[in-house]
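Peer 1: Handing you a structure now.
Taken together, the values in this text are just the output of simple stated rules run on the coordinates, not laboratory data. Remember, it's a predicted structure, so these values are computed and weren't measured experimentally. Heads up, the Cβs are rebuilt from the backbone with ideal geometry, glycines too, and the neighbour counts pull from every protein chain shown.
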Amino acid sequence: MFYGYPIPAPECATVRQQPAAAARRTGTVVIVPLPVTPIAAYLALLVWASVPFAPAEPLLLAAGSYAASGPLTLWIAIVAAAFGSFASDLAKYALGRVAGAALLRRLRRHRAGARAIAWIEARVLRSGPAVIAPSYFVPFGVVAATILCGAMRLPVRGVILASACGAALWSSVFLLLGYAGGALTGNPLIGLAVAVPAAAVVCLLVRRRTTDQAGPSESAPAGRVSAPGPR
């Protein structure tokens, strides 16, 4: 009592203390802190997408799922991953012009690499550098395609166009799958767990469709296709 008037209890006393480890919520979206700064995440996408044989798809799915909850901007992530992969394609093309035959022999030692080369060789004479775009969804495909285009001395202009389209499509597909998982679940970690099997199904369907289209009559002699052609 203070001069006959009751003293109201402090507001903070009526507020239940939330556990420190509890996830913060905004509407139905769970805000899970990004492990790194956004700039570091974009740089990681750019660098990791440029490394040959590196499994960059899980990183793209994770970035897309985090973009759904706000820490990352979807279009910047797509551009970063696409640019890294595009730059890597041009480097592999240049390497193929110098030592393409030797690199392809080493790639054929792997079962998936041998299949990718066979799939690409069946199409490269018909489609030229355009084979690079669908090869993004074939295991070892884009590595074999860019090296093979370099070994055959195919025009760099066509390689640039096909690689740009393939890199943009590849990064968009996996980042959008992650984004959809994060948006549907409201949690970037659960969204990633949902997006991974969805991406596996998409890759399996694309791989089956592309490999089923290759018939025995489309196969080309490895030595003929892999040998450097005229400049």
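Peer 1: For an R0 of 25 angstrom, estimate the FRET efficiency from the Cβ-Cβ distance between Val206 and Thr37 and round to the nearest 0.05. Mind showing how you got there, number by number?
Peer 2: Working: r = 34 Å, r/R0 = 1.35.
It comes to 0.15.
Peer 1: Based on the Kirkwood radius over alpha-carbon pairs, what is the Stokes-Einstein translational diffusion coefficient of the range 36-213 at 25 °C with 0.890 mPa s viscosity, in µm²/s?
Peer 2: For the chosen part, D equals 150 µm²/s.
Peer 1: Still on this model: Could I have the simple spin-label model distance between Val51 and Ile160, label points 7 Å from Cα toward Cβ, reported in nm to one decimal?
Peer 2: Computed distance between label sites Val51 and Ile160 equals 2.9 nm.
Peer 1: Multiplying the sequence separation of Leu169 and Arg111 by 0.36 nm and subtracting their Cα-Cα distance, what value in nm do you get?
Peer 2: Taking Leu169 through Arg111 to full extension adds about 18.3 nm, to one decimal.
Peer 1: Can I ask one more? Could you calculate the contour length gain from Ala87 to Trp75, that is, 0.36 nm times the residue separation minus the distance between their Cα atoms, to one decimal place in nm? Walk me through the numbers before you get to the answer.
Peer 2: Values: separation 12, 0.36 × 12 = 4.32 nm, distance 1.81 nm.
Between Ala87 and Trp75, full extension yields 2.5 nm more.
Peer 1: Which peptide among 114-125, 193-204 comes first, and what is the full order, when sorted by highest mean count of other Cβ atoms within 10 Å?
Peer 2: 114-125, 193-204
Peer 1: Moving to a separate point now. For each of Val131, Val173, count neighbouring Cβ atoms within 10 Å of the residue's Cβ, then give the residues from fewest to most.
Peer 2: Val173, Val131
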